[in-house]
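K.L.:
Submitted below is the structure of interest, expressed as structure tokens.
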Amino acid sequence: MSYPESIVSLVPSLTELMFDLELGDRIVGRTRFCIHPNEKVEDVPIVGGTKNPRLDKIFDIKPDLVIANREENRKEDVEELAGSLDVMVTDIKTIEDALLAIHDIGVRCGVAEKADLLIENIRAEMDNVPDEPKQSVAYFIWREPWMTVGRDTYIDSVLSHWNLKNVYGDQKRYPKTTLEDLKSKAPDLILLSSEPYPFKEKHREEIEAALPNSRVLMVDGEWFSWYGSRMLPAFKRLNEFRKAIS
């Protein structure tokens with residue numbers, strides 16, 4: 001089996017994964033959102049964004065493989081690329097999906113042993129979840145309009161594994177909501193993610209004023225939404241976080 005010698009990644013967290021699997025010298029294109037590891041990715045040419053890649057640049061590069069994601073990238077862009085290039089499309093809605101993607105990328109790129117060792121280490125952190133009482137949570141990713149996460153999302157899967165019950169888990173994907181609706185759900189915790197919306201202290205205070213009986217915390221969005229190799233440090237931090245909030 002031949003392995004790809006040149007790879008364009010359109011998925012920030014999987015760009016980081018490939019560097020951590022020692023595939024960095026094969027990456028010949030990335031999006032401007034591929035920021036980790038920052039001391040290495042800055043040498044890789046940018047081919048646009050996740051939602052608006054420069055297809056002309058990618059076709060000019062003629063990579064052996066393009067790595068994409070069903071949620072991160074647009075279907076029409078992926079289909080156009082797949083017309084003449086080898087495109088690997090990942091579909092990640094759960095932690096298990098993310099682990100499978102690590103395995104598949106490892107196999108496809110000839111580094112299966114490194115990938116499987118990473119998976120083993122991630123699973124070890126998953127087994128270290130502290131035995132704390134379940135708490136209800138709302139996780140916000142946007143404001144104006146307020147947007148949260150529903151089921152069939154990777155973030156929801158992470159919350160669930162750390163025994164945090166998503167009060168919007170009865171809805172799909174990324175539902176819009178209001179502070180009035182949030183009041184009716186009265187979650188124990190309200191988490192304001194650092195990405196994609198850059199929540200600030202004033203937003204935390206705004207929600208605290210509306211829901212004085214809920215605990216409102218600013219959190220690093222990468223802990224909850226970046227899959228790939230970032231799962232290992234993120235899950236370590238989440239184990240500490242889960243103890244701290246109980």
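Rule-based calculations on the coordinates, nothing more; no lab input. Treat the numbers as computed from the prediction; the structure is a model and nothing was measured. Note that we place each Cβ from the backbone using ideal geometry, even for glycine, and neighbour counts take in every protein chain shown.
K.L.:
I need the Kirkwood Rh of region 135-244: take the reciprocal of the average 1/r across all distinct C-alpha pairs and report it in angstrom.
P.N.:
After inverting the mean inverse Cα-Cα distance, the result is 13.9 Å.
K.L.:
So, one more: Kirkwood hydrodynamic radius, computed over distinct alpha-carbon pairs, for region 1-55: how many Å, to one decimal?
P.N.:
Numbers: mean 1/r = 0.0905 Å⁻¹.
Result for region 1-55, one decimal place: 11.0 Å.
K.L.:
Set the Förster radius R0 to 30 Å, insert the Cβ-Cβ distance between Asn52 and Asp152 as r into 1/(1 + (r/R0)^6), and round the FRET efficiency to 0.05. Write down the numbers at each step before the final one.
P.N.:
Details: r = 25 Å, r/R0 = 0.83.
In this case the efficiency is close to 0.75.
K.L.:
Given the chain, what percent of its DSSP beta bridges are antiparallel, to the nearest 5? It would help to have the intermediate numbers written out before the result.
P.N.:
Details: 5 of 28 bridges.
Percentage antiparallel, nearest 5: 20.
K.L.:
Something else now. Rg/Rh for the chain to two decimals, with Rh computed the Kirkwood way over all alpha-carbon pairs.
P.N.:
Details: Rg = 19.0 Å, Rh = 19.0 Å.
Here Rg/Rh amounts to 1.00.
K.L.:
Under a straight-distance cross-link criterion of Cα-Cα below 26 Å, which lysines are reachable from Lys75, leaving out those fewer than 8 residues away in the same chain?
P.N.:
Result set, ordered by chain and number: Lys51, Lys57, Lys62, Lys93, Lys172, Lys176.
K.L.:
Would you mind calculating the relative contact order of region 7-125 from Cα pairs under 8 angstrom and at least 6 residues apart, reporting the percent as a whole number? Intermediate results must be reported in sequence, preceding the final value.
P.N.:
Numbers: 168 pairs, mean separation 26.0, N = 119.
Once divided by the residue count of region 7-125, the mean separation gives 22 percent.
K.L.:
Between Lys200 and Asn38, what length comes free when the chain is fully extended (0.36 nm per residue of separation minus the Cα-Cα distance, one decimal in nm)? Before the final figure, lay out each step's value.
P.N.:
Details: separation 162, 0.36 × 162 = 58.32 nm, distance 2.39 nm.
Contour length minus the Cα-Cα distance gives 55.9 nm.
K.L.:
Lys/Arg Cβ at +1, Asp/Glu Cβ at -1, dipole of the chain taken about the Cα centre: which of Ala68, Ile46, Ala244 is farthest positive-ward?
P.N.:
Going by the Cα projections, it comes out as Ala244.
K.L.:
Another question about this same structure. Leu117 to Asp220: FRET efficiency via 1/(1 + (r/R0)^6), r the Cβ-Cβ distance, R0 35 Å, to the nearest 0.05? Before the final figure, lay out each step's value.
P.N.:
Working: r = 25 Å, r/R0 = 0.72.
Rounded to the nearest 0.05, the efficiency is 0.90.
K.L.:
Okay, moving on. At what distance in angstrom do the alpha carbon centres of region 125-198 and region 13-91 lie from each other?
P.N.:
First find each Cα centre; the distance between them is then 29 Å.
K.L.:
For region 7-125, what is the Kirkwood estimate of the hydrodynamic radius, computed as the reciprocal of the mean inverse distance between distinct Cα atoms, to one decimal in Å? Intermediate values should be presented prior to the final figure.
P.N.:
Numbers: mean 1/r = 0.0698 Å⁻¹.
One over the average 1/r among Cα pairs gives 14.3 Å for region 7-125.
K.L.:
Taking the Cβ-Cβ separation of Glu80 and Lys176 as r and a Förster radius of 35 Å, what is the calculated FRET efficiency to the nearest 0.05? Before the final figure, lay out the partial values.
P.N.:
Working: r = 30 Å, r/R0 = 0.86.
Using R0 = 35 Å, I get an efficiency of 0.70.
K.L.:
Stretched out fully, how many nm does the piece from Lys62 to Ala186 gain, at 0.36 nm a residue minus the Cα gap?
P.N.:
Details: separation 124, 0.36 × 124 = 44.64 nm, distance 5.22 nm.
Extra length available between Lys62 and Ala186 comes to 39.4 nm.
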